[in-house]
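Everything on this sheet refers to the single structure shown next.
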Amino acid sequence: MLAFAPLGLFPLAFLSFGLLAHFWMAATPRQAFWSGYAFGLGLFGAGVSWVYVSLHTFGAMPLPLAALATFLFCAFLALFPAAAGWLQARIPAHPYLRACLLIPAAWTLVEWLLSWIFTGFPWLSIGYASVSWPLQGYAPLLGVFGLSFITVSLGGMACLLFQRQRLLAFATTFIAIIVAGQALRHVHWTEPAGEPVSAALLQGNIEQDLKFRPESYAKILATYARLAESTSAKLIVFPETSIPRFLDRIEPEFLERLASVAKRNGGDLLLGVPYRKSSEEYFNSVISLGTSPQQAYHKSHLVPFGEFIPPGFGWLLSVLEIPLSDFSRGGHDQPPIAAAGQRVAVNVCYEDAFGDEIARRVREATILVNVSNVAWFGDSLAPAQHLQIARLRAVETGRMHLAATNTGITAAIDRDGRVLARLAQFTEGRLEVSAQGYAGATPYARYADWPVVIASLLVLAGALLVARRASSR
């Protein structure tokens with residue numbers, strides 16, 4: 001857990017997976033399952049404990065029920081590392097092959113599975129921990145799951161080195177992989193597209209428990225109008241649901257006021273706002289106002305229980321007090337928003353945790369923009385983890401990534417994953433940056449996760465085939 005943000009002690013990932021490989025090398029499938037489960041319970045129990053904050057502090061769920069729900073969620077997630085342990089143990093293999101290829105392939109496949117089953121939760125994929133470290137260089141080629149494969153493989157090599165197995169061969173390979181990753185960090189897969197555009201990212205710092213109260217509405221409008229009017233940036237970005245009212249219920253004069261600001265600056269603004277098509281169909285959206293024709297992006301990857309209620313769980317609405325908790329799902333093929341001379345691939349909140357979806361949208365875009373409201377998670381690990389995820393999305397796609405949030409972390413990230421500027425959490429402010437658009441596609445933007453997934457499947461299938469042939473002899 002310490003390998004992830006905010007501490008980012010990535011070498012601990014090698015040590016952790018080296019220790020896990022040690023336990024799995026000679027374990028039975030049952031033993032590997034339970035040791036993997038314990039590993040996963042510790043990882044997710046520490047890493048996503050912020051779910052409790054959203055359920056109890058801001059969702060008004062009673063403390064015992066919120067604690068139980070958080071534990072059950074982490075207990076469910078722990079089944080995936082347990083499945084990786086069971087799967088690799090079911091296939092007979094030489095210890096070297098198991099440590100360096102079989103365990104990484106099994107781990108990578110269950111991480112990928114976790115990214116889409118039940119709408120997906122790829123939050124603590126181990127590849128994210130490599131941001132700012134040499135392995136980051138592989139991200140434009142292989143994406144986060146490729147980084148996970150390499151990280152777990154290096155952990156297996158570390159285990160073999162500790163056991164003094166083939167010291168020269170494994171030490172040389174270990175070092176070569178790290179050196180190659182560092183060299184790849186200097187490769188530019190995309191090229192600048194046009195001149196940089198001035199951008200302002202707004203952070204209103206509206207407290208979550210006050211945001212949807214009617215008496216707070218006027219203050220929210222005044223806060224964001226003041227922040228917007230005090231910048232001359234051509235691209236102004238508001239956070240997710242920055243105006244806590246359906247677009248058709250916001251005063252027309254206020255929208256015109258915002259549009260006038262964008263036109264005065266010769267550009268556009270992106271406004272996070274709920275968008276209603278009918279009484280039963282409404283979206284978590286971002287609309288553009290300004291010199292360009294008005295456009296909209298409707299969030300397509302919704303958060304279960306937070307933005308939509310799965311069938312059979314309607315009773316939860318009587319327990320949770322979450323406004324607008326049953327959004328409609330936007331289309332998966334929405335084009336970039338043309339704003340301020342850029343083609344902006346917009347994503348909302350934790351949509352940027354799904355690298356394959358971002359890769360699909362970014363091919364026609366010049367810049368990435370994420371709008372979020374992580375005030376739901378208070379002063380927890382979630383905002384720092386979210387920023388780490390955003391940094392890897394920038395590297396994977398070769399695009400600058402602008403993140404505008406309600407309470408932080410609002411930041412501008414270059415295509416190499418560097419945080420160029422950021423605002424402090426829980427402060428009202430405006431982040432002024434120069435945003436460079438980029439064109440071209442990284443290998444990951446073209447092929448997404450499929451090369452790594454197929455390679456992992458081939459490793460497991462090849463090892464199984466070899467084992468069966470050996471046993472038949």
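No value in this document is a laboratory result; all are computed from the given coordinates. Since the model is a prediction, treat every value here as computed from it, not as a measurement. No Cβ is skipped: glycine too gets one built from the backbone with ideal geometry, and neighbour counts run over all protein chains shown.
Expressed to the nearest 5 percent, the antiparallel share of DSSP beta bridges inside the chain is 65 percent. Region 252-282 to region 325-364: how many Å between their Cα centroids? That distance is 18 Å. Once the Cα atoms are used to define both axes, helix 79-89 deviates from the longest principal axis of the chain by about 30 degrees. For the chain, the longest principal axis of the Cα atoms and the long axis of helix 252-264 meet at an angle of about 70 degrees. The distance from the alpha carbon centre of region 6-78 to that of region 433-453 is 30 Å, rounded to a whole number.
For region 180-190, the Karplus equation 6.51 cos²θ - 1.76 cosθ + 1.60, evaluated at θ = phi - 60°, returns couplings of 5, x, 5, 5, 5, 5, 9, 8, 9, 8, 10 Hz by residue, with Gly and Pro reported as x.
Could you work out the relative contact order of the chain? I mean the mean sequence separation of Cα pairs under 8 Å and 6+ apart, divided by the number of residues, in percent. Once normalised by length, the contact order is 19 percent.
Each distinct pair of alpha carbons in region 131-277 adds a 1/r term; the inverse of their mean, the Kirkwood radius, is 19.7 Å.
This ranking places 256, 215 by how few other beta-carbon atoms lie within 10 Å of each, fewest first, which gives 215, 256. Local charge for residue 91 was computed over the other residues whose Cβ lies under 11 Å away, with Lys and Arg +1 and Asp and Glu -1, and equals +3. In order along region 349-359, the phi-based Karplus estimate (6.51 cos²θ - 1.76 cosθ + 1.60, θ = phi - 60°) of 3J(HN,Hα) comes to 6, 7, 4, 6, 7, 10, x, 5, 5, 5, 4 Hz; Gly and Pro are listed as x.
Between residue 213 and residue 281, the modelled label-to-label distance comes to 3.6 nm, taking each label 7 Å out from Cα in the direction of the beta carbon. For region 191-441, the share of DSSP beta bridges that are antiparallel, to the nearest 5, is 65%. Counting neighbouring beta carbons within 10 Å and listing from fewest to most, the residues 260, 132 come out as 260, 132.
Can you give the helix-only mean residue ellipticity at 222 nm for the chain, where every DSSP H stretch with n ≥ 4 adds -39500 (n - 2.57) and the sum goes over all residues, rounded to the nearest 500 deg cm²/dmol? -13500 deg cm²/dmol, from helical runs alone.
Convex hull volume per residue, computed on the Cα atoms of region 364-452, equals 101 Å³. Normalising the Debye intensity of the chain to I(0), with uniform scatterers on Cα atoms only, and taking log10 at q = 0.06, 0.11 Å⁻¹ returns -0.28, -0.89. Estimated translational diffusion coefficient (Stokes-Einstein, Kirkwood radius over Cα pairs, 37 °C, 0.692 mPa s) of region 177-219: 209 µm² per second.
Sort 29-42, 94-107 for me by packing, meaning the mean count of neighbouring Cβ atoms within 10 Å per residue, highest on top.
In descending order of packing, they fall as 94-107, 29-42.
Taking every alpha-carbon pair within region 344-403, the share separated by more than 19 Å comes to 22 percent. Each 5 Å bin from zero holds the following percent of Cα-Cα pairs in region 191-441: 1, 7, 14, 19, 21, 18, 12, 5, 2, 0, 0. Across region 191-441, the mean sequence separation of Cα contacts (distance under 8 Å, 6 or more residues apart), normalised by length, yields a relative contact order of 24 percent.
How do 422, 399 line up, fewest other C-beta atoms within 10 Å first? Provide the component values of the computation, followed by the final result.
Values: 422 18, 399 30.
Lowest count first: 422, 399.
Seen against the Cα atoms of the chain and their longest principal axis, helix 217-229 is set at about 90 degrees.
Provide Rg over Rh for region 425-473; use the alpha carbon set for both Rg and the Kirkwood Rh (inverse mean inverse pair distance).
1.47
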